[in-house]
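First comes the structure, then the notes that go with it.
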Amino acid sequence: MPDPFENWIEKLFERWMGELTHQEIARALKALTRDYVQRRTRLRGKALDGRGKQAAFALYYAPRHFVIVREVLKALDSPTDSPSEIIDLGCGSGVAGAAWAKHCGGNVVGVELDPDVLREAAFTFRDLAVRGGGIRCHLAKYRWPKPPVGIVAAFTVNELDERDRERLWRDLEKQVKGGSRVLIIEPLATRITPWWQEWSKRVTELGGRADEWHFEVELPERVHLMGKSAGLKPERLGARTLWV
């Protein structure tokens, strides 16, 4: 049987490279990275405007995020028994929930407001052979399932305003007390997560843990080359996590 991860990468490049050239996507990736690093507070959800940036995210950041979640779960020595559902909050292309599902099984429910992004998540679930679907919904209006479930928020909480972030925390706390497992992942840079220290304290008080990770993992060659073409350092993978 073909490896699902390799199949997903092949399908990603086949789909997007049929529309844009390597050079076009590399330029878009460079612009997208600059937006995230230098202009994040002014983007307000517009980071993926345009097919070039959508392709750049799909071909570079999505595989990186999948690998990060996979390696974090391995390093946490997380339980391999499957939650009934894995809720991927602000799922984007669905890679975080899919990585958890590949780790231990389970059905993924992606929660995302952008319909174009949800369509990309559907491709992810299909090509990775993951059972999953999406719900078009703002996180503040999401109707939570009865715990216990698995919940992942990968590179999502930093995009919420303070009111929605605190509302999310209250919901997550209820889920944890009902037996759910929660994994929150954010970039290593603390400038965009001024709330991290407070959330770390809350998580540890619930019996969880806060970690910082640096991984040396070889990415697929085409993903690596895309990053190098944009002047990035694809061999560097890292993240901060909260796990409870």
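The values are calculated or read from the model by the stated rules, or taken from the named source; none is laboratory data. Since the structure is predicted, the reported quantities are computational estimates derived from the model, not experimental observations. Glycine also receives a Cβ, built like all others from the backbone with ideal geometry; neighbour counts cover every protein chain displayed. In case anyone asks, the SASA skips ligands and DNA or RNA and just uses the protein heavy atoms, side chains included. Shrake-Rupley method; radii C 1.70, N 1.55, O 1.52, S 1.80 Å.
Is the shape of region 153-201 rounded, prolate or oblate, going by the alpha carbon gyration tensor and its root eigenvalues a ≥ b ≥ c, with a/c under 1.5 for rounded and a/b larger than b/c for prolate?
prolate
Whose amide H sits under 5 Å from the amide H of residue 180, counting only residues 5 or more places off or on another chain, with H placed in the peptide plane?
Here 149 satisfy the definition.
Grab the beta carbon distance between residue 84 and residue 49, set R0 = 35 Å, and tell me the FRET efficiency rounded to 0.05. Before the final figure, lay out each step's value.
On the way: r = 36 Å, r/R0 = 1.03.
Plugging the Cβ-Cβ distance into 1/(1 + (r/R0)^6) gives 0.45.
With a 1.4 Å probe and all protein chains left in place, how much of the accessible area of the chain comes from carbon and sulfur atoms, in whole percent?
Percent of accessible area from carbon and sulfur atoms in the chain: 48.
Identify, among 148, 160, 204, the residue whose Cα sits farthest towards the positive end of the charge dipole of region 143-222, taking +1 on the Cβ of Lys and Arg and -1 on the Cβ of Asp and Glu, with the dipole about the Cα centre.
148
Given H placed on each backbone N at 1.01 Å, which residues far from residue 87 in sequence or on other chains put an amide H within less than 5 Å of it?
Distant-sequence amide H within range of residue 87: 109, 150, 151, 152.
Rounded to the nearest 500, what is the 222 nm mean residue ellipticity of the chain from helices alone, with -39500 (n - 2.57) per DSSP H run of 4+ residues and division by all residues?
Details: 10 runs with 114 residues, N = 244.
Helices in the chain give a 222 nm mean residue ellipticity of -14500 deg cm²/dmol.
Between region 175-193 and region 120-152, what's the alpha-carbon centroid distance in Å?
Cα centres, region 175-193 to region 120-152: 16 Å.
I want to check the label-to-label distance for residue 122 and residue 204. Put each point 7 Å from Cα in the C-beta direction and report it in nm to one decimal.
4.5 nm
For the chain, with every protein chain kept in place, what is the accessible area per residue (1.4 Å probe, Å²)?
Normalised by residue count, the accessible surface of the chain is 50 Å².
Label point 7 Å out from residue 142 along Cα-to-Cβ: which residues of region 224-244 have amide N under 18 Å?
241-244
I want to check the label-to-label distance for residue 75 and residue 14. Put each point 7 Å from Cα in the C-beta direction and report it in nm to one decimal.
About 3.3 nm, to one decimal.
Which of the chymotrypsin sites (Phe, Trp or Tyr not before Pro) across region 143-226 are loop residues per DSSP, with 12 or fewer other Cβ within 10 Å?
Listed in order of number, the matching sites amount to none.
For the ranges 170-176, 54-60, what's the packing order if you count other beta-carbon atoms within 10 Å of each residue, average per peptide, and put the highest first?
Going from most to least packed, we get 54-60, 170-176.
What ranking of 36, 142 comes out by heavy-atom accessible area, probe 1.4 Å, highest first?
36, 142
So how long is each side of the chain along the principal axes, counting just the alpha-carbon atoms, biggest first, in Å?
Result, largest extent first: 49, 43, 34 Å.
Once a ≥ b ≥ c are taken as the square roots of the eigenvalues of the Cα gyration tensor of region 111-202, is the result rounded (a/c under 1.5), prolate (a/b larger than b/c) or oblate (a/b not larger than b/c)?
Verdict is prolate for region 111-202.
Can you name the helices of the chain, as whole DSSP H runs, whose Cα span along the helix axis is 15 Å or more and whose Kyte-Doolittle mean is not below -0.5? Display every interim value, and only then the final one.
Numbers: long enough: 4-17 (19 Å, -0.71); 22-38 (24 Å, -0.61); 62-76 (21 Å, 0.66); 115-127 (18 Å, -0.35); 162-177 (23 Å, -2.24).
Correct list, ordered by number: 62-76, 115-127.
Non-local amide H neighbours of residue 131 (under 5 Å, H modeled in plane, Pro and chain starts lacking H): which ones?
108
How far apart, in nm, are the 7 Å Cα→Cβ label points at residue 166 and residue 188?
Modelled inter-label distance: 3.3 nm.
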